[in-house]
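Asker: Quick one: this structure, given as C-alpha coordinates, is what I'll be asking you about.
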Amino acid sequence: MGSVKDYFSGLGSGFLSLLKGMQVTGKEFVTPKITEKYPENRETHHIPQRFRACLELKYDDEGNHKCIACGTCERNCPNGTINVLTKMVDKWDGTKKKKLDKYIYDLGSCTFCQLCVVSCPTDALEFSNDFEQAVFTRSKLVKQLNYLPEKPEPEPTEEEKAKILAEKKAKIEAAKAAAAAKKAAGAGAPAAPASLIDENDPKVKAALAKCAGDPEKEAKVREALEKAARLKAEKAAAAPSAPNANNENKKQN
Ligand code: SF4
Ligand code: SF4
(Lines give C-alpha, C1' and ligand atoms only; values in the text may rest on other atoms or scores of the structure.)
(Ligands and ions follow the chains in the order given, each with its own letter.)
Protein backbone atom coordinates (compact mmCIF):
# COMPACT_ATOMS: atom_id res chain seq x y z
CA MET A 1 0.00 0.00 0.00
CA GLY A 2 2.87 2.25 1.00
CA SER A 3 4.57 1.77 -2.35
CA VAL A 4 1.44 2.91 -4.25
CA LYS A 5 1.32 6.05 -2.09
CA ASP A 6 4.99 6.73 -2.74
CA TYR A 7 4.42 6.21 -6.44
CA PHE A 8 1.64 8.85 -6.65
CA SER A 9 3.55 11.22 -4.35
CA GLY A 10 6.60 10.99 -6.63
CA LEU A 11 4.39 11.49 -9.67
CA GLY A 12 2.86 14.64 -8.09
CA SER A 13 6.24 16.19 -7.18
CA GLY A 14 7.58 15.39 -10.64
CA PHE A 15 4.60 17.15 -12.21
CA LEU A 16 5.10 20.18 -9.94
CA SER A 17 8.79 20.32 -10.89
CA LEU A 18 7.83 20.16 -14.56
CA LEU A 19 5.38 23.04 -14.08
CA LYS A 20 8.12 25.09 -12.38
CA GLY A 21 10.49 24.46 -15.26
CA MET A 22 7.79 25.38 -17.79
CA GLN A 23 7.16 28.58 -15.84
CA VAL A 24 10.82 29.63 -16.20
CA THR A 25 10.78 28.69 -19.89
CA GLY A 26 7.54 30.58 -20.45
CA LYS A 27 8.94 33.68 -18.75
CA GLU A 28 12.10 33.66 -20.90
CA PHE A 29 9.90 33.10 -23.97
CA VAL A 30 8.28 36.53 -23.54
CA THR A 31 11.34 38.40 -22.14
CA PRO A 32 13.03 40.73 -24.72
CA LYS A 33 16.12 39.10 -26.27
CA ILE A 34 19.59 40.35 -25.27
CA THR A 35 21.60 38.05 -27.54
CA GLU A 36 23.53 40.01 -30.21
CA LYS A 37 23.33 38.69 -33.76
CA TYR A 38 26.96 39.45 -34.56
CA PRO A 39 28.24 40.01 -37.26
CA GLU A 40 24.82 40.65 -38.87
CA ASN A 41 24.27 43.64 -36.56
CA ARG A 42 27.69 45.21 -37.28
CA GLU A 43 26.11 48.50 -38.35
CA THR A 44 24.02 48.97 -35.23
CA HIS A 45 26.21 47.18 -32.69
CA HIS A 46 27.12 49.43 -29.74
CA ILE A 47 30.51 49.13 -28.00
CA PRO A 48 31.00 51.32 -24.90
CA GLN A 49 33.41 54.21 -25.55
CA ARG A 50 35.55 53.23 -22.55
CA PHE A 51 36.29 49.79 -24.04
CA ARG A 52 40.03 49.57 -24.78
CA ALA A 53 40.65 47.77 -28.04
CA CYS A 54 43.70 49.29 -29.70
CA LEU A 55 46.11 52.16 -29.01
CA GLU A 56 46.00 55.07 -31.46
CA LEU A 57 47.65 58.43 -32.01
CA LYS A 58 45.11 61.25 -31.92
CA TYR A 59 44.95 63.09 -35.23
CA ASP A 60 43.25 66.46 -35.68
CA ASP A 61 41.24 67.46 -38.75
CA GLU A 62 44.37 68.72 -40.50
CA GLY A 63 46.17 65.41 -40.07
CA ASN A 64 48.48 66.52 -37.26
CA HIS A 65 49.28 64.44 -34.20
CA LYS A 66 50.68 65.80 -30.95
CA CYS A 67 53.49 63.30 -30.39
CA ILE A 68 56.81 65.04 -29.69
CA ALA A 69 58.74 61.74 -29.64
CA CYS A 70 59.76 62.17 -26.00
CA GLY A 71 59.60 58.40 -25.38
CA THR A 72 57.76 58.70 -22.03
CA CYS A 73 55.09 56.20 -23.09
CA GLU A 74 57.78 53.75 -24.20
CA ARG A 75 59.59 54.01 -20.85
CA ASN A 76 56.36 53.64 -18.87
CA CYS A 77 55.02 50.62 -20.76
CA PRO A 78 55.56 47.56 -18.53
CA ASN A 79 55.62 45.13 -21.48
CA GLY A 80 57.91 46.80 -24.00
CA THR A 81 54.93 47.10 -26.31
CA ILE A 82 55.86 50.53 -27.68
CA ASN A 83 58.89 51.45 -29.76
CA VAL A 84 59.27 55.16 -30.56
CA LEU A 85 61.73 55.64 -33.43
CA THR A 86 63.00 59.18 -33.92
CA LYS A 87 64.86 61.15 -36.57
CA MET A 88 66.67 64.51 -36.61
CA VAL A 89 65.33 67.14 -38.99
CA ASP A 90 66.95 70.39 -40.09
CA LYS A 91 65.40 73.63 -38.90
CA TRP A 92 65.41 76.91 -40.82
CA ASP A 93 68.10 78.37 -38.50
CA GLY A 94 70.55 75.54 -39.18
CA THR A 95 69.89 73.72 -35.89
CA LYS A 96 68.38 70.25 -35.67
CA LYS A 97 65.22 68.99 -34.03
CA LYS A 98 64.20 65.50 -32.89
CA LYS A 99 60.95 64.32 -34.50
CA LEU A 100 58.86 61.17 -34.59
CA ASP A 101 59.87 58.79 -37.34
CA LYS A 102 57.84 55.65 -36.56
CA TYR A 103 55.55 54.90 -33.64
CA ILE A 104 55.48 51.10 -33.40
CA TYR A 105 52.88 49.38 -31.21
CA ASP A 106 52.53 45.62 -30.68
CA LEU A 107 48.89 44.92 -29.91
CA GLY A 108 49.79 41.27 -29.18
CA SER A 109 51.70 42.18 -26.02
CA CYS A 110 49.52 45.08 -24.81
CA THR A 111 47.69 44.55 -21.52
CA PHE A 112 45.54 47.68 -21.99
CA CYS A 113 46.72 49.13 -18.67
CA GLN A 114 46.65 52.63 -20.21
CA LEU A 115 49.87 53.76 -18.48
CA CYS A 116 51.10 55.07 -21.83
CA VAL A 117 47.99 57.21 -22.30
CA VAL A 118 48.03 58.78 -18.84
CA SER A 119 51.79 59.42 -18.87
CA CYS A 120 51.89 61.19 -22.25
CA PRO A 121 52.71 64.88 -21.62
CA THR A 122 50.97 66.07 -24.77
CA ASP A 123 47.81 63.94 -24.58
CA ALA A 124 48.73 62.40 -27.92
CA LEU A 125 47.36 58.89 -27.32
CA GLU A 126 43.99 57.26 -26.87
CA PHE A 127 42.40 53.82 -27.05
CA SER A 128 39.91 53.11 -29.79
CA ASN A 129 36.97 50.81 -29.12
CA ASP A 130 37.31 49.08 -32.48
CA PHE A 131 37.30 45.51 -31.14
CA GLU A 132 37.65 43.73 -34.51
CA GLN A 133 41.40 43.17 -34.34
CA ALA A 134 41.59 39.45 -35.17
CA VAL A 135 44.35 38.52 -37.64
CA PHE A 136 45.93 35.28 -38.83
CA THR A 137 49.57 36.06 -38.02
CA ARG A 138 51.13 37.69 -34.95
CA SER A 139 53.26 39.99 -37.07
CA LYS A 140 50.10 41.75 -38.26
CA LEU A 141 49.43 42.83 -34.68
CA VAL A 142 52.51 45.06 -34.83
CA LYS A 143 51.20 48.40 -36.07
CA GLN A 144 52.70 51.73 -37.05
CA LEU A 145 50.47 54.30 -35.37
CA ASN A 146 51.71 57.38 -37.27
CA TYR A 147 50.16 56.20 -40.51
CA LEU A 148 49.91 59.64 -42.15
CA PRO A 149 53.07 61.10 -43.74
CA GLU A 150 54.99 63.37 -41.36
CA LYS A 151 54.70 67.03 -42.28
CA PRO A 152 57.84 69.17 -42.81
CA GLU A 153 58.92 71.44 -39.98
CA PRO A 154 56.95 74.72 -40.34
CA GLU A 155 59.12 77.69 -41.29
CA PRO A 156 58.40 80.99 -39.50
CA THR A 157 57.77 84.19 -41.44
CA GLU A 158 60.62 86.67 -42.03
CA GLU A 159 59.30 88.80 -39.16
CA GLU A 160 59.20 85.87 -36.77
CA LYS A 161 62.67 84.80 -37.88
CA ALA A 162 64.05 88.27 -37.16
CA LYS A 163 62.39 88.26 -33.74
CA ILE A 164 63.74 84.80 -32.84
CA LEU A 165 67.25 85.73 -33.97
CA ALA A 166 67.12 89.00 -32.01
CA GLU A 167 66.04 87.11 -28.88
CA LYS A 168 68.82 84.61 -29.37
CA LYS A 169 71.38 87.38 -29.84
CA ALA A 170 70.12 89.15 -26.71
CA LYS A 171 70.49 85.92 -24.75
CA ILE A 172 74.06 85.46 -25.96
CA GLU A 173 74.92 89.06 -25.09
CA ALA A 174 73.38 88.64 -21.63
CA ALA A 175 75.33 85.41 -21.06
CA LYS A 176 78.55 87.13 -22.17
CA ALA A 177 77.91 90.10 -19.89
CA ALA A 178 77.16 87.79 -16.95
CA ALA A 179 80.37 85.85 -17.60
CA ALA A 180 82.38 89.08 -17.80
CA ALA A 181 80.83 90.34 -14.54
CA LYS A 182 81.60 87.04 -12.85
CA LYS A 183 85.18 87.19 -14.09
CA ALA A 184 85.59 90.75 -12.85
CA ALA A 185 84.08 89.86 -9.44
CA GLY A 186 86.38 86.88 -9.03
CA ALA A 187 89.55 88.62 -10.27
CA GLY A 188 91.17 88.37 -6.83
CA ALA A 189 89.84 84.91 -6.12
CA PRO A 190 91.96 81.80 -6.65
CA ALA A 191 92.04 80.61 -10.26
CA ALA A 192 89.45 78.05 -11.27
CA PRO A 193 90.78 74.51 -11.71
CA ALA A 194 91.88 73.68 -15.25
CA SER A 195 89.32 71.91 -17.44
CA LEU A 196 89.59 68.12 -17.54
CA ILE A 197 87.61 67.78 -20.76
CA ASP A 198 89.56 66.06 -23.50
CA GLU A 199 88.66 68.21 -26.51
CA ASN A 200 90.17 65.62 -28.91
CA ASP A 201 87.90 62.83 -27.67
CA PRO A 202 85.49 62.00 -30.58
CA LYS A 203 82.56 61.60 -28.12
CA VAL A 204 83.25 65.06 -26.66
CA LYS A 205 83.54 66.51 -30.18
CA ALA A 206 80.21 64.94 -31.18
CA ALA A 207 78.46 66.20 -28.02
CA LEU A 208 79.75 69.75 -28.56
CA ALA A 209 78.94 69.68 -32.27
CA LYS A 210 75.29 68.99 -31.43
CA CYS A 211 74.99 72.32 -29.62
CA ALA A 212 76.64 74.45 -32.27
CA GLY A 213 75.01 77.87 -32.30
CA ASP A 214 73.41 77.46 -28.87
CA PRO A 215 75.80 78.80 -26.20
CA GLU A 216 73.43 77.98 -23.33
CA LYS A 217 73.18 74.36 -24.37
CA GLU A 218 76.95 74.21 -24.92
CA ALA A 219 77.58 75.55 -21.40
CA LYS A 220 75.30 72.87 -19.95
CA VAL A 221 76.95 70.09 -21.98
CA ARG A 222 80.42 71.34 -20.95
CA GLU A 223 79.37 71.37 -17.31
CA ALA A 224 78.14 67.76 -17.55
CA LEU A 225 81.32 66.66 -19.37
CA GLU A 226 83.46 68.41 -16.77
CA LYS A 227 81.61 66.65 -13.97
CA ALA A 228 82.00 63.26 -15.64
CA ALA A 229 85.72 63.86 -16.27
CA ARG A 230 86.30 64.88 -12.63
CA LEU A 231 84.47 61.80 -11.33
CA LYS A 232 86.56 59.62 -13.64
CA ALA A 233 89.78 61.27 -12.46
CA GLU A 234 88.79 60.89 -8.79
CA LYS A 235 88.01 57.21 -9.33
CA ALA A 236 91.34 56.67 -11.08
CA ALA A 237 93.15 58.41 -8.22
CA ALA A 238 91.36 56.33 -5.58
CA ALA A 239 91.84 52.98 -7.36
CA PRO A 240 95.55 52.27 -6.49
CA SER A 241 95.10 53.32 -2.83
CA ALA A 242 92.46 50.63 -2.16
CA PRO A 243 94.84 47.60 -2.11
CA ASN A 244 97.30 49.58 0.10
CA ALA A 245 94.54 50.25 2.59
CA ASN A 246 93.75 46.54 2.65
CA ASN A 247 97.44 45.74 3.18
CA GLU A 248 97.58 48.20 6.10
CA ASN A 249 94.58 46.49 7.65
CA LYS A 250 96.20 43.07 7.19
CA LYS A 251 99.43 44.31 8.82
CA GLN A 252 97.54 45.65 11.81
CA ASN A 253 95.70 42.33 12.22
S1 SF4 B 1 52.96 59.55 -27.51
FE2 SF4 B 1 53.25 61.07 -25.88
S3 SF4 B 1 54.61 60.07 -24.37
FE4 SF4 B 1 54.72 58.88 -26.27
S5 SF4 B 1 56.52 59.69 -27.34
FE6 SF4 B 1 54.71 60.80 -28.12
S7 SF4 B 1 54.56 62.63 -26.82
FE8 SF4 B 1 55.94 61.23 -25.75
S1 SF4 C 1 48.27 50.08 -22.46
FE2 SF4 C 1 49.89 49.41 -21.05
S3 SF4 C 1 50.74 47.59 -22.00
FE4 SF4 C 1 49.54 48.62 -23.59
S5 SF4 C 1 51.05 49.93 -24.66
FE6 SF4 C 1 50.13 51.20 -23.05
S7 SF4 C 1 51.51 51.00 -21.28
FE8 SF4 C 1 51.98 49.32 -22.71
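The values are calculated or read from the model by the stated rules, or taken from the named source; none is laboratory data. Please read all numbers here as calculations on a predicted model, not as lab measurements. Note that each Cβ is placed from the backbone with ideal geometry, even for glycine, and that neighbours are counted across all protein chains shown. We work out accessible area using only protein heavy atoms, side chains counted, and drop any ligands, DNA or RNA first. Shrake-Rupley method; radii C 1.70, N 1.55, O 1.52, S 1.80 Å.
Asker: Give the accessible surface of segment 195-236 per residue, rounded to a whole number of Å², with probe radius 1.4 Å and ligands, DNA and RNA excluded. Don't skip to the end; give the middle numbers.
Answerer: Details: 3260 Å² over 42 residues.
Per residue, segment 195-236 has 78 Å² of solvent-accessible surface.
Asker: Related question: With r as the distance between the Cβ atoms of T35 and D130 and R0 = 25 Å, compute the FRET efficiency 1/(1 + (r/R0)^6) and round to 0.05.
Answerer: 0.70
Asker: Counting only protein heavy atoms and using a 1.4 Å probe, what share of the accessible area of the chain belongs to carbon plus sulfur, as a whole percent?
Answerer: Using a 1.4 Å probe with all protein chains present, the chain comes out at 59 percent carbon and sulfur.
Asker: If the cut-off is 28 Å between C-alpha atoms, which lysines fall inside it for K27, apart from same-chain ones fewer than 8 positions away?
Answerer: Reachable lysines: K37.
Asker: Pull out a ≥ b ≥ c, the square roots of the eigenvalues of the alpha-carbon gyration tensor of segment 46-86, then state rounded if a/c is under 1.5, prolate if not and a/b is larger than b/c, and oblate in the remaining case.
Answerer: Oblate, since a/c reaches 1.5 and b/c is not below a/b.
Asker: Residue by residue through segment 111-127, what is 3J(HN,Hα) from phi via Karplus (6.51 cos²θ - 1.76 cosθ + 1.60, θ = phi - 60°)? Round to whole Hz and write x for glycine and proline.
Answerer: 9, 6, 6, 6, 4, 4, 5, 6, 8, 5, x, 10, 6, 8, 10, 7, 9
Asker: Hey, another quick one. Which links in K58/K168; K58/K97; K66/K161 stretch past 31 Å when you go from one Cα to the other?
Answerer: Those over the limit are K58/K168.
Asker: Give the accessible area for K205 in Å² (nearest 10); use a 1.4 Å probe, count only protein heavy atoms, and leave out ligands, DNA and RNA.
Answerer: Its heavy atoms expose roughly 110 Å² to the probe.
Asker: Quick check for me: using +1 on Lys/Arg Cβ and -1 on Asp/Glu Cβ, what's the dipole size of the chain about its Cα centre, in debye to the nearest 20?
Answerer: 1020
Asker: Still on this structure: Relative contact order (percent) for the chain, with alpha-carbon contacts under 8 angstrom and 6 or more residues of separation?
Answerer: 15
Asker: If you average the alpha carbon positions of segment 23-43 and of segment 61-87, how far apart do those two centres end up, in angstrom?
Answerer: 43
Asker: Could you work out how far apart the two model spin labels at L16 and K102 are, taking each label as a point 7 Å from the Cα in the direction of the beta carbon, and quote it in nm?
Answerer: 7.3
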